[in-house]
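A short worksheet on the structure shown next.
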Amino acid sequence: MHKRLLSLLKYCHQSLVLVGLLSLATCTTKENTAINPDVNACDDTTLPTQAQTGGNTPTTSAYNSGDGKDIILQGFHWNSWKSNTWQTIASDANAIQEAGFTMVWFPPVSKSTGGTGYLPNEWYNLNSAHGTDAELRTAVNALKTLGVKSLADIVINHRVGTLDWADFTNPAFADNAQAITPEDEWGKGTGNPDTGADFNAGRDLDHTNASVQTEIKQWMAWLKNDVGFTGWRYDFVKGYKGSFTGTYNDASSPYFSVGELWPDITGDYRASGADVNYHRQKIVDWINATGDKSPAFDFTTKWQLMLATESKEYYRLKDAEGKPIGVMGWWPEMAVTFVDNHDTGTSPGGGQDFWPFPEAKLAEGYAYILTHPGTPTVYQTHYFDSGNTLKSTIKTLMGIRKAQGITSTSEVYIHIANRQHYVALVNGNTLLRLGTGWTPCDGAWTLATEGESWAIWTR
């Protein structure tokens, strides 16, 4: 928000007097003010002087981050392959486009060991458990015809052999043993030391190896130019140095890419504020390591949003500088926000379910990420497999985001963040309240939609 707008705010005890262009009416009582000393109904001197986003944004422009208006649908869950993923995506294409999704994240497309695709062997063989080569191309083309882009899940940290541990084919490397790091559990890798974390379910590839790099670049070029993908989701990027992701993006020039850098939570799981900065810093460090060439999933925002909504600890969503918590608050253009995915959330028929968002708070979670900066991602299970109520809510929220012009870099002014509620002005025209007990008193604000413990107003 511009400084000149904030200067128009005048507080009284129960309401905010409208002077000029903007009014945020607070129904904060003395009791609530005592809980959060930063909220003073009679004094605006402690409020930030401008809207809050950014802070760690680099001097050079980021790229491979879309146009800022994108919304991603994760087009699968852990068990999608059991019902032909490609046919499902193709049949849902019209519904996907009508909802407002601009990109669909596909699971790994190559033949693999196991159904999910995360242990690939023959990269160029697109007849997988998810469906046939032809069915995959039909799904990609169905979306393309409707103006929806497709993101391929790129699993290049590791690979399994065709029939044995490391007999790679389609393609083979110049020397298959030299393509594997010596730390790999196979015990016969003769490549250079691993540049990242170990992965014990497949052969860890040596990304310093020229043949490995060449084959990856050629395969990704084929996925883009022959199959029709326009971007990438990089799997398990902690397994190899971030600079290699930058190298592969330089070679493939994707419209959008995102890395799965899932930092460990060390120390207190219920930490907040400055005590979680280490977590988002690890994600930002990886982005920097790519040469600022790829966004990353904002696991820090997921962590704090889960705790905030399930325990009514909304103060978690505001950092010490008044910015949103997570990568979103430091570098929104490079933050890909989400509520759940195939690893963290539930899947029909069972699955990973490692870190699920509380089911009763899903709508509240989506109200947050779909009204805030970053590039939001919606999990297929939540949109297509969790009932019409949640689906309708998400669709409405997406419509509001588009109508209000909220983008990955929209400004955020956090008005209140305490144990009762979270209130934020986004893009100068959208108010989000999580929790209860607050409404704007200015008649210029119109209630756009609401749910249990959340509401959105627009103007």
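Assorted remarks:
- When region 145-197 is limited to residues that are crowded, with 21+ Cβ neighbours inside 10 Å and among the acidic types (D, E), the one that is nearest to the chain's Cα centre (by Cα) turns out to be D153.
- Residue count for region 231-259, restricted to those that are assigned to a loop (DSSP other than H, G, I, E, B) and surrounded by fewer than 21 Cβ atoms within 10 Å (Cβ to Cβ): 5.
- N200 vs. criteria free of Cβ contacts under 8 Å to residues at least 12 places away in the same chain, surrounded by fewer than 14 Cβ atoms within 10 Å (Cβ to Cβ) and not basic (K, R): no
- Test for P263: is it within 18 Å of the chain's Cα centre (by Cα) and more than 15 Å from V104 (Cβ to Cβ): yes
- Region 443-459 residues that are within 16 Å of T393 (Cβ to Cβ), paired with ones that are part of a strand (DSSP E or B) and of a type in the set (D, E) (beta carbon under 8 Å, 6 or more apart): I456/E450
- As for region 148-162, it holds no residue that is out of contact with any strand residue (DSSP E or B) (no Cβ under 9 Å at 6 or more places or on another chain) and outside any loop (DSSP other than H, G, I, E, B).
- Count of residues meeting criterion [more than 20 Å from E310 (Cβ to Cβ) and touching a helix residue (DSSP H, G or I) at 6+ places or on another chain (Cβ under 7 Å)] in region 431-455: 2
- Taking the criterion of being in a helix (DSSP H, G or I) and over 12 Å from the mean Cα position of the chain (by Cα), the residues of region 368-392 that qualify are Y368, Q380, T381, H382, Y383, F384, N388, T389, L390, K391, S392.
- Identity of the residue in region 279-292, crowded, with 24+ Cβ neighbours inside 10 Å and of a type outside the set (A, V, I, L, M), that ends up farthest from F338 (Cα to Cα): T290
- N418 falls short on exactly one of the conditions (1) touching a Ser or Thr at 6+ places or on another chain (Cβ under 6 Å); (2) on the phi < 0 side of the Ramachandran plot; (3) not acidic (D, E), and that condition is (1).
- Residue within region 420-432 that is within 14 Å of H372 (Cα to Cα), of a type outside the set (V, I, T) and surrounded by fewer than 17 Cβ atoms within 10 Å (Cβ to Cβ) present: yes
- Of the residues contained in region 115-130, one or more are found to be out of contact with any helix residue (DSSP H, G or I) (no Cβ under 8 Å at 6 or more places or on another chain), aromatic (F, W, Y), farther than 20 Å from F256 by Cα and in a loop (DSSP other than H, G, I, E, B).
This table checks each residue for (1) of a type in the set (A, V, I, L, M, F, W, C); (2) surrounded by fewer than 24 Cβ atoms within 10 Å (Cβ to Cβ); (3) assigned to a loop (DSSP other than H, G, I, E, B); (4) out of contact with any Lys or Arg (no Cβ under 9 Å at 6 or more places or on another chain).
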| position | (1), (2), (3), (4) |
| --- | --- |
| K302 | no, yes, no, yes |
| L307 | yes, yes, no, no |
| Y315 | no, yes, no, no |
| E321 | no, yes, yes, yes |
| D343 | no, yes, yes, yes |
| G350 | no, yes, yes, yes |
| W355 | yes, yes, yes, no |
| K361 | no, yes, no, yes |
| Y366 | no, no, no, yes |
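- Residue within region 271-284 that is more than 24 Å from V378 (Cα to Cα), small (G, A, S) and free of Cβ contacts under 8 Å to residues at least 24 places away in the same chain present: yes
- When each of V104, V109 is tested for being out of contact with any Phe, Trp or Tyr (no Cβ under 7 Å at 6 or more places or on another chain), β-branched (V, I, T), in a loop (DSSP other than H, G, I, E, B) and modelled with pLDDT of 95 or more, the lone residue that passes is V109.
The values are calculated or read from the model by the stated rules, or taken from the named source; none is laboratory data. Treat the numbers as computed from the prediction; the structure is a model and nothing was measured. Virtual Cβ from ideal backbone geometry, glycine too; neighbours counted across all protein chains shown.
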